[in-house]
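Inspection log for the structure reproduced underneath, given as structure tokens.
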Amino acid sequence: MGEEVVFSGIQPSGRIHVGNYLGAIKNWVKLQDQHLCYYCVVDYHAITSPYEPGAFSQAVLDAVAANVAAGLDPDRSVIFVQSQVPEHTELCWILGAVTPAGELQRMTQYKDRARVRREVVNAGVLTYPILQAADILAYKGTLVPIGEDQAQHLELTREIARKFNAAYGPTFPEPQVSFSPSPRIMSLSDPRVKMSKSIPGSYLSLMAEPAAIQETVARAVTDTGPTPGGEMSPGVATLFHLLDAFAPGETAERFRAAHRQGGLRYSELKAVLAECLIERLEPIRRRYRELMARPETLKDIVRHGTARARPAACATLEEVREKVGILKV
Ligand code: TRP
């Protein structure tokens with residue numbers, strides 16, 4: 001078992017695309033080799049956004065299936081669902097007592113969501129980062145692989161850990177952040193914005209069928225106009241990032257050389273990229289389909305993960321309750 005305790009949260013919302021895969025999951029998969037990793041589907045976070053109750057538990061299992069298909073290994077990593085370990089929400093309450101309310105109001109994610117939703121923003125959106133801190137600290141997590149959009153939340157987790165330690169004595173490590181080494185993958189339909197599952201045509205689902213992969217890649221924006229100094233345009237750069245991730249090294253090199261010499265044919269690049277994507281994603285799609293056809297296997301994965309996560313969270317909570325001075329009878 002490794003020296004770090006890795007923790008990350010997985011949103012159960014929507015389908016995973018290659019941007020999520022390269023930006024997060026691939027990093028999680030790699031960390032499994034060296035460390036004790038907790039990967040948690042954060043269903044209690046998700047219900048702070050509009051969602052469909054009737055489809056929700058299936059969406060949670062779907063997220064488990066997709067991430068396992070993409071390489072998270074339930075035997076090596078602790079793969080589980082947040083709501084199944086009630087110590088997260090209990091710790092969230094206790095940590096709320098050392099969290100400055102002003103910090104919560106300063107979170108950009110909260111401000112964005114408060115601005116977008118014209119109706120009154122719910123309190124869960126405000127306290128969301130405390131639950132995130134509780135997720136990590138329940139396992140005394142030391143390393144948190146996340147996207148850059150979560151950096152501010154992690155900074156607050158560190159502050160909450162410091163505040164708790166200062167009030168009640170050394171208890172929690174201050175977790176470090178780990179960003180994915182791969183470049184951010186931009187939208188295929190508009191390379192100025194991030195690949196996003198809310199914009200059709202912008203993303204490539206990890207579970208896409210070959211025909212859909214071909215079509216999405218064929219439609220991807222390449223040049224949007226002349227680029228200064230013959231620089232690679234953002235759309236072409238995205239295609240190269242995908243080639244780097246999914247094609248053999250010499251293939252990417254061959255196309256780079258062609259680009260430098262001004263002889264790059266986009267149609268050829270796209271055809272090769274689509275082929276590589278189809279080939280590399282095929283096992284993921286197959287495994288996903290197998291898992292989705294076996295809900296009991298999926299539930300077993302969740303039960304197995306819960307059985308490993310819960311004792312660790314309970315041990316932390318016992319220590320925390322005692323330090324905080326909670327009655328024990
Ligand atoms: N807020 C994170 C996101 O939207 C998900 C999350 C919840 C998380 N708890 C976490 C990430 C703990 C890392 C650690 O992506």
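Looking for something more than 25 Å from P181 (Cα to Cα) and either buried (at least 18 other Cβ atoms within 10 Å of the Cβ) or more than 17 Å from the chain's Cα centre (by Cα) (or both) - is there at least one such residue anywhere in segment 28-36?
Scanning segment 28-36 turns up no residue that is more than 25 Å from P181 (Cα to Cα) and either buried (at least 18 other Cβ atoms within 10 Å of the Cβ) or more than 17 Å from the chain's Cα centre (by Cα) (or both).
Looking only at residues in segment 1-27 that are assigned to a strand (DSSP E or B) and within 15 Å of the chain's Cα centre (by Cα), the one that is farthest from the ligand (Cβ to nearest atom) is H17. Screening the candidates A274, A212 for the property of being small (G, A, S), under 20 Å from P191 (Cα atoms) and touching a residue at least 40 places away in the same chain (Cβ under 8 Å) yields one hit, A274.
Just to be sure before I move on: is D33 part of a loop (DSSP other than H, G, I, E, B), within 22 Å of K140 (Cβ to Cβ) and assigned by TED's automatic domain parsing to the domain that holds T306 in the structure I sent? So D33 passes the test.
Here V116, V98, V120, V81 are screened, and the one residue that is farther than 20 Å from N165 by Cβ, β-branched (V, I, T) and either outside the structural domain of D149 (by TED's automatic domain parsing) or surrounded by 12 or more Cβ atoms within 10 Å (Cβ to Cβ) (or both) is V81. All conditions but one from (1) within 15 Å of the ligand (Cβ to nearest atom); (2) surrounded by fewer than 19 Cβ atoms within 10 Å (Cβ to Cβ) apply to Q105; the one that does not is (1).
As a summary of the residue check, T89 satisfies the conditions (1) within 15 Å of the ligand (Cβ to nearest atom); (2) in contact (Cβ under 8 Å) with a residue 60 or more places away in the chain; (3) surrounded by fewer than 19 Cβ atoms within 10 Å (Cβ to Cβ) except for the one numbered (2).
The C-beta contact set for segment 285-308 (first residue closer than 14 Å to Q58 by Cα, second residue of a type in the set (S, T, N, Q), distance under 9 angstrom, 6+ apart or interchain) comprises L291/T297; P295/Q58; V302/Q84.
Given the criteria among the charged types (D, E, K, R) and modelled with pLDDT under 95, does E3 qualify? For E3, the condition - among the charged types (D, E, K, R) and modelled with pLDDT under 95 - is met. No other residue among L72, L126 is of a type outside the set (F, W, Y) and in contact with a Leu (Cβ under 6 Å, 6 or more places away or on another chain) apart from L126. In segment 120-137, of all residues being touching a helix residue (DSSP H, G or I) at 6+ places or on another chain (Cβ under 6 Å) and more than 10 Å from the ligand (Cβ to nearest atom), the one that is farthest from P100 (Cα to Cα) corresponds to V121.
Out of T171, T216, I need the residue that is among the polar types (S, T, N, Q), touching a Leu at 6+ places or on another chain (Cβ under 6 Å) and at pLDDT 95 or above. Which one?
Numbers: T171 fails: touching a Leu at 6+ places or on another chain (Cβ under 6 Å).
Selected residue: T216, the only one of T171, T216 that is among the polar types (S, T, N, Q), touching a Leu at 6+ places or on another chain (Cβ under 6 Å) and at pLDDT 95 or above.
The values are calculated or read from the model by the stated rules, or taken from the named source; none is laboratory data. Keep in mind it's a predicted model, so treat the numbers as computed, not measured. Neighbour counts run over all protein chains shown; Cβ positions are idealised from the backbone, glycine included.
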